[in-house]
1. If you go through the stretch 354-377 one residue at a time, how many are in contact (Cβ under 8 Å) with a residue 60 or more places away in the chain and farther than 16 Å from residue 393 by Cα?
2. Is at least one residue of the stretch 143-150 surrounded by fewer than 21 Cβ atoms within 10 Å (Cβ to Cβ), of a type in the set (A, V, I, L, M, F, W, C) and more than 16 Å from ligand 2 (Cβ to nearest atom)?
3. If only one of 375, 367 is among the hydrophobic types (A, V, I, L, M, F, W, C) and closer than 25 Å to residue 462 by Cα, which one is it?
4. Within the stretch 540-563, how many residues are at pLDDT below 70 and in a loop (DSSP other than H, G, I, E, B)?
5. If you go through the stretch 284-305 one residue at a time, how many are farther than 18 Å from residue 391 by Cα and without any contact (Cβ under 8 Å) to a residue 60 or more places away in the chain?
6. Is at least one residue of the stretch 517-525 of a type in the set (Asp, Glu), without any contact (Cβ under 8 Å) to a residue 24 or more places away in the chain, on the phi < 0 side of the Ramachandran plot and surrounded by fewer than 16 Cβ atoms within 10 Å (Cβ to Cβ)?
7. Only residues in the stretch 120-134 that are at negative phi and in the same structural domain as residue 185 (by TED's automatic domain parsing) count as the first member; pair them with residues that are modelled with pLDDT of 90 or more and within 9 Å of ligand 1 (Cβ to nearest atom), Cβ under 7 angstrom, at least 6 apart or cross-chain, and list the lot.
Amino acid sequence: MSDNKHTFKAEVNKVLDLMIHSLYSNKEIFLRELISNASDAIDKARYESLTDASIAEGGDEWKVELIADKEAGTLTIRDNGIGMTRDEAVEALGTIAHSGTKEFIKLLESREVENNPELIGQFGVGFYSSFMVADQVTVITRKAGADANHAVVWKSDADGTYTLEDGEKDGKGTDVILKLKEDETSYLEEWELRKIVKQYSDFIEYPIVMEVTRTTPDPEDEEKSVTETKEETLNSQKAIWLKSKDEISDEEYNEFYKHLSHDFTDPAKVIHYRAEGTTEFSALLYLPEKRPYDIFYQDYKIGPALYVRRVQIMDHCEAMLPTYLRFVKGVVESSDLPLNVSREMLQENKVVNVIKKNLIKKVLDTLGQMKKNDLEAYEKFYAEFGRILKEGIHHDFERKETIADLLLFESTTTEPGKTTTLADYIERMGEDQKEIYYITGSDRASAEASPYLEVFKEKGLEVLIMTDDFDDIIISGLGSYQEKPFQSAIKGDLDLGETDKEEQKKTFGDLLELMKEELKDVVSDVRISGRLKDSAVCLVAGEHDLDPKMAKMFEAMGQDVPQGQRVLEVNPGHDLIGRMKEAFAENSGSEQLKEYVGLLYDQALLLEGDKPRDPVAFSRALSKLMAQGVSM
Ligand code: ADP
Ligand code: MG
């Protein structure tokens with residue numbers, strides 16, 4: 001291997017291989033990806049040239065050129081953007097830096113991409129899509145500001161290797177030269193390129209130009225014709241967010257969204273407005289219909305693109321939206337910010353904070369309107385993003401009530417899959433009901449089967465069913481809604497007026513004391529239950545303890561969970577408890593009785609889906625008991 005020959009990282013080969021051999025439709029999106037890279041490169045150069053004039057190299061006619069050479073069978077995508085150094089080229093064109101690569105490969109293998117090739121852009125492997133139409137790709141690139149003889153020539157046939165050589169390049173920026181496959185030469189035709197640019201890249205703010213040759217009749221002599229070649233701009237370069245609403249069609253809105261987000265579905269909602277006053281800005285925001293695959297990743301990019309006087313300052317301004325609204329995509333442009341604003345400055349910037357407040361309000365208002373006017377659409381949105389929106393209750397104290405208005409939950413009275421708002425729940429509460437009841441669980445079925453709901457069922461009380469893992473933290477943070485406190489069905493002492501606890505305490509007091517003594521190492525108390533109907537016992541966490549499900553989750557993640565000991569609750573109406581009381585009256589020192597107490601505790605563990613403390617001993621004791629039963 002000569003020293004300019006390099007091998008691709010394994011994941012690149014895999015992506016290339018799948019891309020070349022399993023994608024047959026929508027191949028034309030390679031052009032969108034390459035133009036998008038060119039436009040990104042120009043964004044960077046233009047932005048850097050604001051503080052370092054040498055980057056512009058004396059010209060700032062930013063543009064992307066398409067050069068179709070029919071003789072050579074090549075299509076070149078040229079930009080005069082930032083370019084790449086040798087090291088940058090190795091890094092950018094020989095590896096895949098994104099954390100979603102594994103998922104992407106899985107997706108490719110599952111053939112989902114075949115039907116939705118737009119996913120390619122989302123996964124940030126756009127450059128490699130050029131190999132869908134080309135069997136050789138050459139990249140000639142020179143970093144803006146570097147000498148002409150400092151260019152790099154990168155070349156690959158997608159055979160697992162690429163070469164890198166030193167080269168020369170007059171203009172700054174990058175040429176991507178595609179040697180088109182034999183049956184892909186339609187991408188050299190003017191009409192085809194025009195169509196693709198119009199469809200996918202119309203909004204690119206730099207001109208995408210191409211030389212076109214026209215032959216027209218000679219006005220002087222009808223027998224002859226004149227042929228002229230001139231440069232034409234193929235895209236309209238409209239900054240759609242600066243136009244007024246009535247000038248923009250739904251289709252234009254949708255295409256721009258897809259360009260921004262690399263999403264392939266139309267957005268669920270468009271929010272477009274201009275704020276005037278002390279701080280002026282334009283915002284075009286979108287609520288997607290589907291949750292992006294990477295929204296829970298660390299490196300997920302939050303926030304709208306930020307423009308200042310038509311210059312893109314950054315593609316994601318995270319200072320402008322809180323993380324719980326990270327599903328919102330869009331563009332914000334303001335003339336009240338300096339062009340050379342840095343990421344660090346943004347966090348502290350007054351104007352940014354005013355805009356941020358305004359955007360949050362607008363998004364939350366829009367969601368409220370959606371919920372009110374088109375519940376079905378809102379429910380769809382919520383199914384995708386409710387889990388994220390909900391984080392706001394924890395993080396945005398100031399707006400937690402507003403966000404709580406937007407929550408939806410299933411409940412023991414909604415039909416499966418249908419939800420209720422908290423306000424509607426309260427509306428249905430009976431006069432005596434003082435609290436909002438909820439139960440947490442991994443899914444509706446297991447929550448509904450829980451013994452903790454027995455008395456609620458008996459009394460016909462509606463209980464909200466919460467199945468997101470952090471719901472309990474969210475609800476604890478919220479505390480109450482419309483002045484009604486929340487009460488967990490599985491935590492704390494519950495009094496639904498069903499049992500006269502004081503009376504029962506007198507009756508069962510001695511037995512409870514014995515149980516407490518026997519179980520003193522595992523529970524903090526044994527008490528009469530206000531929540532059981534059919535089960536004999538259950539374990540209950542303290543009001544302020546972590547939900548047992550959450551505690552388990554944290555433990556699984558290797559975290560120490562300061563968990564108070566739980567309380568064993570006893571159902572005084574249960575036969576077994578009654579019999580145990582009688583046995584206790586006969587012989588308070590009975591060994592068998594003590595064994596039963598242990599078994600009851602293990603049963604309570606089982607009811608929670610946990611294991612008995614010592615499964616072998618438990619099973620033996622149970623068999624012994626059953627044997628007694630059989631012999632009777
Ligand atoms: P993404 O654009 O999502 O980062 P791509 O596969 O499209 O992923 O491109 C990979 C990287 O290659 C880019 O991030 C950029 O660093 C570099 N790159 C690609 N095309 C160009 C270009 N025309 N000019 C400068 N850098 C480029
Ligand atoms: Mg790209």
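1. Residues meeting the conditions: 8.
2. So in the stretch 143-150, the residues surrounded by fewer than 21 Cβ atoms within 10 Å (Cβ to Cβ) come out as 145-150.
From what's left, of a type in the set (A, V, I, L, M, F, W, C): 146, 148.
Next, only the ones that are more than 16 Å from ligand 2 (Cβ to nearest atom) stay: 146, 148.
Yes - at least one qualifying residue is present in the stretch 143-150.
3. On the way: 367 fails: closer than 25 Å to residue 462 by Cα.
Checking each option against the conditions leaves just 375.
4. Qualifying residue count for the region: 3.
5. Residues that pass the stated criteria total 4.
6. Just the residues of the stretch 517-525 that are of a type in the set (Asp, Glu), to begin with: 517-518, 521, 525.
If we keep only those that are without any contact (Cβ under 8 Å) to a residue 24 or more places away in the chain as well, we get 517, 521.
Within this subset, residues satisfying the condition of being on the phi < 0 side of the Ramachandran plot are 517, 521.
Filter once more, keeping what is surrounded by fewer than 16 Cβ atoms within 10 Å (Cβ to Cβ): 517, 521.
The answer is yes, given that some residue of the stretch 517-525 is of a type in the set (Asp, Glu), without any contact (Cβ under 8 Å) to a residue 24 or more places away in the chain, on the phi < 0 side of the Ramachandran plot and surrounded by fewer than 16 Cβ atoms within 10 Å (Cβ to Cβ).
7. 126/37; 127/37; 127/93; 130/34; 130/176
Each row is one residue, and each column tells you yes or no for (1) surrounded by 10 or more Cβ atoms within 10 Å (Cβ to Cβ); (2) part of a helix (DSSP H, G or I); (3) among the small types (Gly, Ala, Ser).
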{"position": "219", "(1), (2), (3)": "no, no, no"}
{"position": "229", "(1), (2), (3)": "no, no, no"}
{"position": "235", "(1), (2), (3)": "yes, no, no"}
{"position": "259", "(1), (2), (3)": "yes, yes, no"}
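The values are calculated or read from the model by the stated rules, or taken from the named source; none is laboratory data. Remember, it's a predicted structure, so these values are computed and weren't measured experimentally. Note that we place each Cβ from the backbone using ideal geometry, even for glycine, and neighbour counts take in every protein chain shown.
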